[in-house]
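These notes concern the structure reproduced below.
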Amino acid sequence: MRHHLPLLLSVGWLLIVLGVSIAAPMISQVNPLHPVAEPLLSPSQHPPLGTDALGRDVWTRIVYGGRLSPGSSFAAMAITVVVGGIAGLIASSLGGWFDRVIVWLSNSLLAIPGLLLAMLLVAAMGPRLLTVILAVGFGGAPGFVRLSRTMFHQIREQNYVTASVALGANRTWIAIHHLLPNAKNQLLSLATTHYAWAFMGTTTLTFLGLAGDPSIPEWGVMLNAGRAHLIDAPWLALWPGCAISLTILAIHRLGAWLSQREEGY
Amino acid sequence: MVSHSDRSSIGALTTVGRRFIEGVLTAWTAVSLTFFALRLIAGDPIASLLSQGLASPDQVENLRRSLGLDAPLFVQYLNFLAGFFRGDLGTSLFTGRPVSTVIVEQLPATAQLAFAGLGFALLFGLTLGVISAWKEETPLGQFAASLAGLATALPVAFTGILGLILYRQLLVVIPLLSVVKIRRLFLPALLLGFASAGAIARVVQAGLKETMKGPYILAARARGIEHGFRLLWHALRPALPPVVSLTALEAAFLFAGTVVTETVFSRPGLGRLLVTSILQGDYPIAQGLVVLAAVFYTISHMLADILAFTIDPRLRRVT
């Protein structure tokens, strides 16, 4: 039981974030975009976490950020997993030239750090939250192609696939009936581990101001806004920073547990 | 009759040669892919100037002609490659200055930060790795291991800001710390290094655990050599090649880290340049920086392989 404590805490934190983000309008009746009190009030009874430079309620913004930050990085992760997973599946099941070209392209793109690749995509599409999501999604894909291809290859080496080939199954049939169903659990653990990267990526890009709009209640945007008041109001940076770090640590722990469980089989 | 040493040096040469060609091809593919991706996604790269009201339609038309953007995409690509080999990465859309000049201006600041950061990364990484392998079962070893885990997980944006807040508080107690070098270089490099240390620590620890099982360690033990010395001298050296390769990769990825660190600490440099160029829609600068990053990554990756080859004689025999 003691051994699982970090895992339980992590899952607990993720559930809290999920619950709070769903119930956001009920938890706080204030509008996260409008001022409610004097600017730069310190945390007290009301408002609980203080107000920012424009007098907006930080607690409400953190709560709504629980929708935007995990939500947008989840979308980015989903793009990576779908694009990278399909490319890996195609490379692995068609083999030959398809495999060589996909491996070559993804390896070449890996010469650019994922974060920089994402920044380049934002440069092409213009700074907006939507482009940050797309950029982190596609920026992470080259690395994911490599992972999923290795995984599908390992499954293809199994005896039941060989038996299926001997019985006359073609590549598409094997991909749909053997590779995908058997990759389910492993894909889940790879996706969870990648979610941590996507979360770090989106919050870093929004922190750099690449989401464009500085007023949106997103944790990375809020962390950036807090930089201007590190002396007079350090909590402005501390709350979103803690929220980001706790979420990344929790996803990491969950991912580590999932992949350990995979290896245990 | 070719002697054994000759044969191994010929083998080494062909391996290095093959590695070199592979590296050049990788860099070329990466550069080409970024070029086409940027043009195909962005459509007209200078349309943003028009929409921001920074130029009149006539001016945009002239600019398009002078940048060669009215030519077919493939011709533009050939021009870009030709320029690239001449060291010409185009001109900034806003200042009209050559991209290469702008980059060279900002390079020293980032190189300084990245090298200092790499030094800290190696220092922390080796220390944490050795401690976590040496004292594996003790609380100290577990602490080192979890610190290494934290280093990889925590975003530089947050650790940087945390460091800055703590530094400001410390400054009140010890005013002596207010040396510009500390705030501008020491602190950012420390936090940048910490972020890269986690991966290095993990590789050092895994490598030590592996090499400690080697027969030469048993032999060293039989000769009565102490545990600590065995670990640091006999086991650490064969565990180093993967650390060297990783460090070279980290060196390239450090550039991505400097983007955040430079923003947090308001330092000038390439990272800052990249962010401002993206926010302004100055695509030639962003493209030039990413292309350079790809080339730098390929070179450092190549050097790492060759260096690993030199450190560990066993690698030479395999090929």
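Every number in this text was worked out from the coordinates using simple rules, so none of it is lab data. It should be emphasised that the depicted structure is a prediction, and the values quoted were computed from it without experimental measurement. Every residue, glycine as well, gets a Cβ built from its backbone with ideal geometry; the counts of neighbours run over all protein chains shown.
Would you mind pulling out the separation of the Cα centroids of region B:267-313 and region A:115-164, in Å?
The distance from the Cα centre of region B:267-313 to that of region A:115-164 comes to 21 Å.
How large are Rg and Dmax for region A:62-111 when only the alpha carbon atoms are used, in Å?
That works out to 15.7, 50 Å for Rg and Dmax.
What's the FRET efficiency of A:V36 with A:I86 using the Cβ-Cβ distance as r and R₀ = 35 Å, to the nearest 0.05?
E between A:V36 and A:I86, to the nearest 0.05, is 0.15.
Would you work out the Kirkwood radius for region A:145-265? I mean one over the mean of 1/r across all pairs of different Cα atoms, in Å.
17.3 Å
Run the helix sum for chain B: -39,500 (n - 2.57) per DSSP H stretch of 4+ residues, divided by residue count, reported at 222 nm to the nearest 500 deg cm²/dmol.
Only helices count here, giving -25500 deg cm²/dmol.
Using R₀ = 56 Å, calculate the FRET efficiency as 1/(1 + (r/R₀)^6) where r is the Cβ-Cβ separation of B:T14 and A:M26; round to 0.05.
The value I calculate is 0.20.
For a quick size check, give me the Cα extents of chain B along its three principal axes, largest first, whole Å.
84, 73, 29
Give the calculated FRET efficiency between A:N107 and B:R97 to the nearest 0.05, with a Förster radius of 30 Å applied to their Cβ-Cβ distance.
Using R0 = 30 Å, I get an efficiency of 0.30.
Relative contact order for chain B: what percent, with Cα pairs under 8 Å and sequence separation of 6 or more?
With pairs under 8 Å counted, the relative contact order is 25 percent.
In whole Hz, what ³J(HN,Hα) sequence does region B:214-226 give by Karplus (6.51, -1.76, 1.60; θ = phi - 60°), x for Gly and Pro?
So the J values, rounded to whole Hz, are x, x, 5, 6, 4, 5, 5, 5, 5, 7, x, 7, 4.
Taking every pair of distinct Cα atoms and averaging 1/r, then inverting, what Kirkwood hydrodynamic radius in Å comes out for the protein assembly as shown?
The answer is 26.2 Å.
Quickly work out the A:V11-to-B:L69 label distance, labels modelled 7 Å from Cα along the C-beta direction, and quote it in nm with one decimal.
5.3 nm
Only helices at least 30 Å long along their own axis, judged from Cα atoms, and with Kyte-Doolittle mean hydropathy of -0.5 or greater: name those in chain A from DSSP H.
A:58-94, A:180-207, A:235-264
Tell me the mean residue ellipticity at 222 nm calculated for chain A from its helices only (DSSP H runs of n ≥ 4, each -39500 (n - 2.57), averaged over every residue, nearest 500).
Calculated mean residue ellipticity at 222 nm is -23500 deg cm²/dmol.
Put a dot 7 Å past each Cα toward the Cβ at A:S44 and A:L94; how far apart are the dots in nm?
For the pair A:L94/A:S44, the computed spacing is 6.6 nm.
For B:F115 and B:I225 in the same chain, what is the full-extension length gain: residue separation times 0.36 nm, less their Cα-Cα distance, in nm?
Stretched fully, the B:F115-B:I225 segment lengthens by 36.0 nm.
Over all alpha-carbon pairs in chain A, figure out the percentage whose distance exceeds 26 Å.
Tail fraction, whole percent: 50.
At a Cα cut-off below 19 Å, give the aspartates and glutamates reachable from B:K135, other chains included and same-chain residues fewer than 8 away excluded.
B:E210, B:E226
Chain B: longest stretch without exposed GluC sites (Glu not before Pro) (DSSP loop, at most 13 other Cβ within 10 Å), sites themselves excluded?
B:1-136
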